[in-house]
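Below you'll find the structure, written out as structure tokens, and then a few comments.
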Amino acid sequence: MTETAEAQTPAQPVQAATVPTARFPLPTGVATPIQLRNELVRLGIAPAALKPQQTYAWVKAPGKNDPFPVKWYDAEGNVYDKQPAGDNAPLTRPGIPTMQEGIDWYQRRATRPAATPATAETQPTTDVVEDESDGTENEEVGDLEEAE
């Protein structure tokens with residue numbers, strides 16, 4: 001290779017050894033939300049159409065009555081009940097303490113009745129008035145007579 005060809009090759013990225021990445025390994029036995037999704041589908045408990053994004057929705061909003069069993073783990077192995085926040089918060093990853101906890105939660109979730117929005121019960125129902133127009137627009141609005 002010539003010197004010009006070597007000068008045109010992209011430089012190797014410099015990796016900082018002191019900055020952990022978001023992909024650090026979780027402790028042994030701890031499952032990621034995606035691993036839980038894959039196991040649920042493999043066992044036939046969840047449909048194959050279950051999207052990975054849905055498992056992260058459970059992480060973000062675990063629920064109150066029967067919360068999704070998620071803990072937050074940092075690279076040093078510390079465990080948090082909630083994701084640490086703030087400028088000095090450690091980098092964490094969500095994990096399910098055991099695969100069986102996640103499977104049990106999903107099975108309980110599947111048997112619970114669907115929640116109904118509270119606002120639907122408090123709002124009065126209104127009669128629906130159908131539009132009887134023929135679908136054409138009337139541009140001559142000025143010719144209409146006013147009702148007295």
Say whether the condition of being crowded, with 16+ Cβ neighbours inside 10 Å, at pLDDT below 95 and touching a helix residue (DSSP H, G or I) at 6+ places or on another chain (Cβ under 8 Å) is met by at least one residue in region 15-26. no
The one condition in (1) free of Cβ contacts under 8 Å to residues at least 12 places away in the same chain; (2) more than 16 Å from the chain's Cα centre (by Cα) that Gly29 fails to fulfil: (1)
So in region 27-60, with the set limited to residues that are of a type in the set (S, T, N, Q) and out of contact with any strand residue (DSSP E or B) (no Cβ under 7 Å at 6 or more places or on another chain), which one is most open to solvent (accessible area, probe 1.4 Å)? Thr28
Checked against (1) in contact with a Lys or Arg (Cβ under 7 Å, 6 or more places away or on another chain); (2) without any contact (Cβ under 8 Å) to a residue 60 or more places away in the chain; (3) not charged (D, E, K, R), Gly44 satisfies every condition except (1)
Inside region 61-87, can you point out the residues that are within 19 Å of Arg108 (Cβ to Cβ) and exposed (fewer than 13 other Cβ atoms within 10 Å of the Cβ)? Ala61, Gly63, Lys64, Asn65, Asp66, Pro67
Looking at region 101-124, can you tell me whether even one residue there is in contact with a strand residue (DSSP E or B) (Cβ under 6 Å, 6 or more places away or on another chain), at pLDDT 90 or above and open to solvent by less than 70 Å² (accessible area, probe 1.4 Å)? yes
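The values are calculated or read from the model by the stated rules, or taken from the named source; none is laboratory data. Please read all numbers here as calculations on a predicted model, not as lab measurements. Virtual Cβ from ideal backbone geometry, glycine too; neighbours counted across all protein chains shown. Accessible surface is based on the protein model in full, side chains and every heavy atom, while ligands, DNA and RNA are left aside. Shrake-Rupley method; radii C 1.70, N 1.55, O 1.52, S 1.80 Å.
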